[in-house]
Structure formats: C-alpha cells, structure tokens
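**Q** Below you'll find the structure I mean.
Only the coordinates and a few stated rules stand behind these numbers; no lab work does. Just so we're clear, the structure is a prediction, and the values are computed from it rather than from any experiment. A quick note on method: Cβ atoms are made from the backbone with ideal geometry, for glycine too, and the neighbour counts reach across all protein chains shown.
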Amino acid sequence: MTPARVVYTDLDGTMVGPRGSFWHTATRDLTADPAAALLDLHRAGVALVLVSGRTFEQVVEAARIFAADGAIAELGSVVGWDGGRGVHRLTGELPAEHAGRAPMEVMAELGVVEDLIAAHPGRLEWHAPWHATHTTDALLRGRVDPLAVDAALAGRGLGWLTLNDNGSVPATSRMTLAPEALPPRVYHLMPRGISKGAAIAWDLDRRGLPPEAAVAIGDSVSDLEMAPAVGRLWITANGARVDGMAELLAAVPNVTVTDEPMGEGWAQAVRASL
C-alpha cells in the first residue's frame, strides 16, 4: 500500500473510545496504543484531518488537542483549515429559494423535525443537548429506518433532505426513548449532497492531492461515503459488527475492516497507512 499523505478520521467510536476517551479500549481498559500511533503519524509528516458529526467549534477544538491539520464538521457540512480561520461550507441540494439561509433555519420554519418525531413516537428524539448548536443538520437519536424516512420526506416534497445514520451511542437516563429504540443510533437530518466524502473530495482538491494520496477511517454507515474520495477506507471492527453493515461493506471495493474495535483498531489503520 502506498503511504498516505493525509488521513481523514472520524472521532467518536473510531479514533476515541467510550465517552470520548483516547486512553480506553472498547472494554474500558487503559491503553496508550492510539496515542503512540498518533505520534508515529505526526513524525511521518502525514496530515491528520478530523471528520465528525460534531459542530465546527467542537471539531476545531479537538483538532488542536490532536494536532490535526484540518477539521470537517457536521457530517461534511463545514470544512476548516488553518486552525479554523479558513472555512468552506457545503449546502448540497438545499433548494435555490432558500439560498443563503442555514438548513436548520429552513427545517425549523417548515416544522420538519417536529413532524418526524411525531411520526415515530418513542423511537426518535433530539440528541439533546448536543443538537442545539448545529446549523446545517438536525441531530437526532433513536431507532428508525432511514430509507423509510427518506421516502416519507420525498412524499411531502422534501426529497432534498436525507437522514444519515452516524453510528450508535450508549443509552443514558436523559433519553426518553422507548425500549425498542435502545440502544440508540445517532442520525443527521440534512440536505442531500452533503457528506463526509464530498467534503473530503473538496479538501483534497484544495490541497492539490489525488484520492490515492488519502486514507479514511470510520465506524458507521455515513463513513462509507468517504470511500469514493480516498484510496483506502478503514472501518473499525465495532462498526463492522452493526446489523446490516456486512452487506454494505461487500459493495465497497476499497474498504478494509480492522482486527480490533475503536482506538486499537484506529491505531492499526494509521500504522498500515504510513
């Protein structure tokens, strides 16, 4: 495998483990392996870009902590570099009549999220409190069929929106979901045409690099969208075990599954890319 020039990595469930810890394995044992792999990456002069569903401010802050070269936030909605001073926003298929407006502002005006939650009682709710500062996507949690949701949205003339699955999160006491919606998934309701892959493609073009010079690492269905933009996509073992993922992975020719889950699996992917 040709050494990578840049590594694009998801954060939660991929680079960091339980409760966002960089120092714990999936089974909550202490480990320095991810930190050692990160040091190897920096010493090799390979650029690191964080790609996450978190807000831009959160990803930029994490980029400082991990000495990353760039930040892609809100599932590909915002691309940042130079410590967040350089910013490019993707709007995807947001209708022309809403040009210049934040997608969340448009969704709030149309009552899209409220209608969606009402249509799935006990199975879908805001991913509070983290949803409050998102501007491009509506951050939700629960268990629904994204394809069925997309079909229902299209039936209402809202086919420009899509529901993206961004992986699982632990159930907590703050959630009001029904038992059948646990453990919950995290979803991003956002305009079509916005994805981690589209953001990576834009960033690589900015850097003057071809897809073959890049590697991506992730753990969720939404991370599969990074595959066409890079030479190699790694999916950590915890993501590969999700129901239905095996069939999706079979359709991605440049994907490799790590031997270990989050953290340790991420370290394996990094070292294999150097």
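**Q** Rounded to the nearest 500 deg cm²/dmol, what is the calculated helix-only ellipticity per residue at 222 nm for the chain, with -39500 (n - 2.57) per DSSP H run of length n ≥ 4?
**A** Working: 9 runs with 78 residues, N = 274.
Calculated mean residue ellipticity at 222 nm is -8000 deg cm²/dmol.
**Q** Post the alpha-carbon centroid distance, region 113-189 to region 213-257, in whole angstrom.
**A** If we compute the Cα centre of each part, the gap is 22 Å.
**Q** Taking amide H atoms as placed 1.01 Å from N in the peptide plane, list the residues 5 or more away in sequence, or in a different chain, whose amide H sits under 5 Å from that of V51.
**A** Under 5 Å from the amide H of V51: T9, D10, L11, I72.
**Q** On to the next question. Give me the Kirkwood hydrodynamic radius of region 28-161 in Å, from all C-alpha pairs, to one decimal place?
**A** Details: mean 1/r = 0.0586 Å⁻¹.
Result for region 28-161 stands at 17.1 Å.
**Q** What do you get for Rg/Rh of region 1-51 when both radii come from the Cα atoms and Rh is the Kirkwood radius? Intermediate results must be reported in sequence, preceding the final value.
**A** Numbers: Rg = 11.8 Å, Rh = 11.8 Å.
When Rh is taken as the Kirkwood radius, the ratio is 1.01.
**Q** Within the P(r) computed for region 209-274, what percentage of the Cα pairs occupies the region above 21 Å? Mind dumping the intermediate values first?
**A** On the way: 312 of 2145 pairs.
Within region 209-274, distances greater than 21 Å cover 15 percent of Cα pairs.
**Q** While we're here: Please determine, in degrees from 0 to 90 and to the nearest 10, the orientation of helix 146-155 with respect to the longest principal axis defined by the Cα atoms of the chain, where the helix direction is its Cα long axis.
**A** Relative to the chain, helix 146-155 is tipped by roughly 40 degrees.
**Q** Give the angle, between 0 and 90 degrees and rounded to the nearest 10, that separates the Cα long axis of helix 196-207 from the longest principal axis of the Cα atoms of the chain.
**A** 50
**Q** Quick one: divide the alpha-carbon radius of gyration of region 149-274 by 2.2 N^0.38 Å and tell me what you get.
**A** 1.18
**Q** Continuing with the same structure: Could you estimate the translational diffusion coefficient of region 96-191 from the Stokes-Einstein equation, with Rh from the Kirkwood formula over C-alpha pairs, at 25 °C and 0.890 mPa s, in whole µm²/s? Before the final figure, lay out each step's value.
**A** Numbers: Rh = 13.6 Å.
The estimated diffusion coefficient comes to 181 µm²/s.
**Q** Using the count of nearby Cβ atoms within 10 Å as a rough guide to exposure, how do L116, L48, L124, L110 rank from fewest to most? Provide the component values of the computation, followed by the final result.
**A** Working: L116 22, L48 19, L124 26, L110 15.
Least to most surrounded, the residues fall as L110, L48, L116, L124.
**Q** Output needed: percent of Cα pairs per 10 Å distance bin for the chain, bins running from 0 to the one holding the longest distance.
**A** 7, 31, 37, 21, 5, 0
**Q** Another question, if that's okay. Extending each Cα 7 Å along its Cβ direction at L110 and R206, get the distance between those two points in nm, one decimal.
**A** For L110 paired with R206, the spin-label model returns 2.7 nm.
**Q** Spin-label point model (7 Å from Cα, Cβ direction): what's the L182 to W23 distance in nm?
**A** It works out to 3.0 nm between the two label points.
**Q** Based only on other Cβ atoms within 10 Å, what is the fewest-to-most ordering of F56, F66?
**A** On the way: F56 23, F66 19.
Least to most surrounded, the residues fall as F66, F56.
**Q** Which angle from 0 to 90°, rounded to the nearest 10, does the C-alpha axis of helix 264-273 make with the longest principal axis of the chain?
**A** 60
**Q** In addition: How much of the calculated P(r) for region 17-102 lies past 23 Å, in percent of all Cα pairs?
**A** Cα-Cα pairs of region 17-102 separated by over 23 Å account for 37 percent.
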